[in-house]
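Here the structure is laid out as structure tokens; the discussion comes afterwards.
The values are calculated or read from the model by the stated rules, or taken from the named source; none is laboratory data. On a predicted model such as this, the values are computed, not experimentally measured, just so you know. Cβ atoms come from the backbone with ideal geometry, glycine included; neighbour counts cover every protein chain shown. Surface areas here come from the heavy atoms of the whole protein model, side chains and all, with no ligands, DNA or RNA. Shrake-Rupley method; radii C 1.70, N 1.55, O 1.52, S 1.80 Å.
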Amino acid sequence: LALPKHHQNSSSNNNNTSTTKVNHITMSHYTATITKQSKNQSIGIGLKETDAGLTISSINSEGPLGQTCLKPGMKLLTINNIEVSGLSTKEAVQILKQTEGKLALSAVDFVPANITFQVAVTRVRNDNGQINERVLATMKHDINNATPTIFMEAGVPSNTFSKIYTLIESELL
């Protein structure tokens, strides 16, 4: 099972509890290629700087990118194979304006998740001296309902996902 790439922070403590916070999930990769007739031609894209990097804020439906696979909310990765991570909006726009001819933009779907997964393991010695282990996993704060998307992108069949999600919600998994 291969899960989509995500950015997370993990921590654990001596109580055998591990907490993972997923801040956002990167999904499918898309590339749109258009031809700019001149450097002055507008391509109809709006960009904004976010915690995740440069994000597409708007696409003019009447512009050259209007009928492509790129959509607002996607994270921009490259402009003509030039990585844009770390660039400001102004720098990326400058690259777009200087381009004439073939223009290829690649981006990924981006789901802000803010999910907290917590796993706790408790060990108790019974009267026979055997150690019994209990694992308790919880998921909280799925404010954008990103979990179904995570499972879908990972190729988990919907009926299996439903069973897993029910167990997570009831804190049995």
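State yes or no: is Asn114 open to solvent by 50 Å² or more (accessible area, probe 1.4 Å) and modelled with pLDDT of 95 or more?
Here the answer is no, as Asn114 does not meet what is asked.
Yes/no matrix, rows are residues, columns are (1) of a type in the set (Asp, Glu); (2) more than 22 Å from the chain's Cα centre (by Cα); (3) surrounded by 13 or more Cβ atoms within 10 Å (Cβ to Cβ):
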| position | (1), (2), (3) |
| --- | --- |
| Glu62 | yes, yes, no |
| Gly66 | no, yes, yes |
| Leu70 | no, no, yes |
| Lys75 | no, no, yes |
| Asn80 | no, yes, yes |
| Leu87 | no, no, yes |
| Ala104 | no, no, yes |
| Ala107 | no, no, yes |
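Determine whether the range 69-84 contains at least one residue that is of a type in the set (S, T, N, Q), in a loop (DSSP other than H, G, I, E, B) and on the phi < 0 side of the Ramachandran plot.
Checked against the condition, which is being of a type in the set (S, T, N, Q), in a loop (DSSP other than H, G, I, E, B) and on the phi < 0 side of the Ramachandran plot, the range 69-84 yields no hits at all.
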